[in-house]
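Here's the structure, in structure tokens; my notes come after.
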Amino acid sequence: MIIINCLTFFAYPQLPQFLFPSESGENIAGDKFFNFIKGKIDSVNHAEFDSTNNLIVRNEKLYILQQKYVEKENTFVEFKIFKVSDSTLIHQGTLLNYLPHGKFISMSGNDTLEVCHFENGNKEGLETITVAQDICKVNQYVKGKLTGVSKTFYKNTGVVIETTTYTNGLKNGLDAGYFPTPDRNLKYAQYYSHGELVNQNLYFFHPDGTLFATGPIKNGVYHGWFKEYNTDGTLTKKIKFRKGRKIKEKHY
């Protein structure tokens, strides 16, 4: 078992050497993980790297603790990433042969931002993301690709406000939004086929369920006249789009 001293990374915060490929290029898995960590931190905290490959997040350096052990010819590495200034934990996870494997957690203070699972470098199963302070999103992965219905909902009430259907990593089926009310009136609805918006009329609604706006989609963009209505059904506005660009607007 090898334990990397915390003070080493605290004084000179940099990524441990196993994350980098060797000069001969043999440690490709390590390079993959380096890019994975860079992507994960950047997706949550907008990170960058300085000239010596120190991690910088909003002008603050990070450091990594790792524990490495070998079991039945497999190499396991448990790692945690902290802020240098206050030692706040922001990421933790486990690698199997230097690929993400098992549970990964992203933190901000005492709040959990993301929890997901990996198998041999690919996301697998449920992923929970905190979108806002009181809003969560749950995705489902199979072999690293989004599959099934993703849902966005309020933590405290469980009220669903968005659903999106995926097949093999692509939107495929209903993509809908709902008002956060007990009756869950529809806010909008659109359909995808293998990642592309289907040619269709889009519909948007007022919180009371009455029609707010409708208009056509062609080749994945707004194209044609969109109409907006008051809750009593009276027409208030018409907007004309051509290949996604607004070219004319009329008020009533």
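Lys240 meets all of the listed conditions (1) assigned to a strand (DSSP E or B); (2) surrounded by fewer than 16 Cβ atoms within 10 Å (Cβ to Cβ); (3) in contact with a Phe, Trp or Tyr (Cβ under 9 Å, 6 or more places away or on another chain) but one, namely (2).
Matching residues to (1) under 30 Å from Tyr192 (Cα atoms); (2) at pLDDT below 80; (3) crowded, with 16+ Cβ neighbours inside 10 Å:
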position	(1), (2), (3)
Asn45	no, yes, yes
Asn54	no, yes, yes
Gly102	no, no, no
Leu113	yes, no, yes
Glu124	yes, no, yes
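Listed here are the strands (runs of 3 or more DSSP E) enclosed by the stretch 105-209 that have at least 3 residues being over 30 Å from Thr75 (Cβ atoms) and not β-branched (Val, Ile, Thr): 148-154, 170-178, 186-193, 200-205.
For the stretch 197-221, residues that are farther than 30 Å from Thr181 by Cα and exposed (fewer than 13 other Cβ atoms within 10 Å of the Cβ) total 1.
Residues in the stretch 56-82 that are at pLDDT 75 or above, of a type in the set (Lys, Arg) and part of a strand (DSSP E or B): 1 in all. Residues in the stretch 222-231 that are out of contact with any Lys or Arg (no Cβ under 6 Å at 6 or more places or on another chain) and surrounded by fewer than 17 Cβ atoms within 10 Å (Cβ to Cβ): Gly224, Asn230, Thr231. Out of Lys240, Lys218, one residue alone is at pLDDT below 90 and over 26 Å from the mean Cα position of the chain (by Cα). It is Lys218. Which ones in the stretch 210-235 are part of a strand (DSSP E or B) and either in contact with an Asp or Glu (Cβ under 7 Å, 6 or more places away or on another chain) or closer than 20 Å to Tyr154 by Cβ (or both)? Across the stretch 210-235, the qualifying residues are Phe212, Ala213.
If the condition is being more than 23 Å from Cys136 (Cβ to Cβ), in a strand (DSSP E or B) and not basic (Lys, Arg), then the stretch 83-104 contributes Thr94, Leu95, Leu96, Leu99.
The values are calculated or read from the model by the stated rules, or taken from the named source; none is laboratory data. Being a predicted model, the structure only gives us computed values, none of them experimental. Counting neighbours? That spans all protein chains shown, and the Cβs are built from the backbone with ideal geometry, glycine included.
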